[in-house]
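Q: Here it is: the structure, laid out below.
The values are calculated or read from the model by the stated rules, or taken from the named source; none is laboratory data. Bear in mind the structure is a predicted one, so any value in this text is a computation, not a measurement. We place every Cβ from the backbone using ideal geometry, glycine too, and count neighbours over all the protein chains shown. Calculation scope for accessible area: heavy atoms of the full protein, side chains included, ligands and nucleic acids excluded. Shrake-Rupley method; radii C 1.70, N 1.55, O 1.52, S 1.80 Å.
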Amino acid sequence: MFKKKYLLFTATLSVGLFSCAPLQQTSYVCSQNFQQIKSIDNKLPDKFTFQGAFYFRGLPAIIRGDIDKKESINVYTPFGKNIVSLEKENNNICVKLEGKNECNKEEVLNVLSLYFPDLNTILNFSFRNLVIGKFDLKDDDKFSCESNKLIVDRKDYKLVYQNDKLEKILYGDFAIEYLRDNGNSKEIEIKTKDTTLAKINISQIKNKQ
């Protein structure tokens, strides 16, 4: 009788220990995954230039950017005419559009909403964040793992990583998805719910010294 109870106790303890082991391992692997992604994020350039194609509601344009202390974006027609120029430095933003040159943030949003409705949300991120996918991950960031994805949960948005690469940014009803990322070329899609608002196909990224 005693032997049976001992064997039952041993079996129960073994099941309990093994059932806890995967949970501990998952937590450890998730933490290691975060540290790996943070290391990659820290190595991404802070200064670079880029160019590519910009599609807004199916209409094609050319986009060029210069990301340094100031972040400058210029969008042109396929024939080279400037459509809009944006410049950001810290929390300041200026827009040049249709002969208007405006640096009051509220007025900038008003002007852009006339021509690019629903896209004002991207101004809540730096152009550096959006183009290169660099979000300066910190050890005190809140993160979790679901399946094979790592999710960094910040105050206003979430970053979703898979295979050590940024897969999407979730911001309210908006999603910014990285459909392709081959280092110097990227395909970025800006969506709200199930509607695609814009696409950016970056063909070239050059680091600046």
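Q: Compare Lys81, Lys149, Lys134 by solvent-accessible area with a 1.4 Å probe and give them largest first, with all protein chains kept in place. Working shown, then result.
A: Values: Lys81 145, Lys149 60, Lys134 5 Å².
The most accessible residue leads, giving Lys81, Lys149, Lys134.
Q: Using only Cα atoms, tell me the angle between helix 105-115 and the longest principal axis of the chain; keep it within 0 to 90° and round to the nearest 10.
A: Taking the Cα atoms of the chain, the angle to 105-115 is about 80 degrees.
Q: On the accessible surface of the stretch 75-170, probed at 1.4 Å, how many percent belong to carbon and sulfur atoms?
A: Carbon with sulfur: 45 percent of the solvent-accessible area.
Q: With all protein chains present, calculate the accessible area of Cys30 using a 1.4 Å probe and round the result to the nearest 10 Å².
A: 10
Q: Taking the Cα centre of the chain as the origin, how large is its charge dipole in debye, to the nearest 20, when only Lys and Arg (+1) and Asp and Glu (-1) carry charge on their Cβ atoms? Could the numbers behind the result be given before it?
A: Numbers: 32 positive and 27 negative charges, 142 e Å.
So the dipole magnitude of the chain works out to roughly 680 debye.
Q: When Lys and Arg each count +1 and Asp and Glu each count -1, what net charge do the other residues less than 13 Å away from Arg154, Cβ to Cβ, add up to?
A: On the way: positive: Lys138, Lys142, Lys155, Lys158; negative: Asp136, Asp140, Asp141, Asp153, Asp156.
Taking every other residue near Arg154 into account, the sum is -1.
Q: Could I ask something else about it? With a cut-off of 8 Å between alpha carbons and a minimum separation of six or more residues, what is the relative contact order of the chain in percent?
A: Numbers: 331 pairs, mean separation 38.7, N = 209.
Once normalised by length, the contact order is 19 percent.
Q: Classify the stretch 46-125: rounded, prolate or oblate, from the alpha-carbon gyration tensor (a ≥ b ≥ c, eigenvalue square roots; a/c under 1.5 rounded; otherwise prolate if a/b is larger than b/c)? Please report the intermediate quantities before stating the final value.
A: Details: a/c = 1.57, a/b = 1.08, b/c = 1.45.
It is oblate, given that a/c is not under 1.5 and a/b is not larger than b/c.
Q: Accessible area per residue of the stretch 58-209 at 1.4 Å probe, in Å²? All intermediate terms of the calculation are to be shown ahead of the outcome.
A: Working: 8720 Å² over 152 residues.
Solvent-accessible surface per residue comes out at 57 Å².
Q: On to the next question. In nm, to one decimal, how far is the Asn110 label point from the Thr77 one, both placed 7 Å along Cα→Cβ?
A: 2.7
Q: Once the dipole of the stretch 128-209 is set up with Lys and Arg at +1 and Asp and Glu at -1 on Cβ about the Cα centre, which of Ile188, Asn148, Val160 lies farthest towards its positive end?
A: Working it through, the farthest residue towards the positive pole turns out to be Ile188.
Q: Here's something else I'd like to know. Ordering Ile67, Ile83 from largest to smallest accessible area (1.4 angstrom probe), what's the sequence? Could the numbers behind the result be given before it?
A: Numbers: Ile67 0, Ile83 55 Å².
Most to least solvent-accessible, the answer reads Ile83, Ile67.
Q: Can I ask one more? Would you mind checking Lys96/Lys142; Lys43/Lys105; Lys47/Lys165 for any pair whose Cα atoms are more than 28 angstrom apart? Write down the numbers at each step before the final one.
A: Values: Lys96/Lys142 38 Å; Lys43/Lys105 31 Å; Lys47/Lys165 20 Å.
Result: Lys96/Lys142; Lys43/Lys105 exceed 28 Å.
Q: A further question on this structure: Please give the length that would be gained between Asn182 and Lys206 if that part of the chain were fully extended, namely 0.36 nm times their separation in residues minus their C-alpha to C-alpha distance (nm, one decimal). Don't skip to the answer; put the middle values down first.
A: Numbers: separation 24, 0.36 × 24 = 8.64 nm, distance 1.33 nm.
Stretched fully, the Asn182-Lys206 segment lengthens by 7.3 nm.
Q: Taking the alpha-carbon centroid of each part, what is the distance from the stretch 129-152 to the stretch 58-120 in angstrom?
A: Their Cα centres are 27 Å away from one another.
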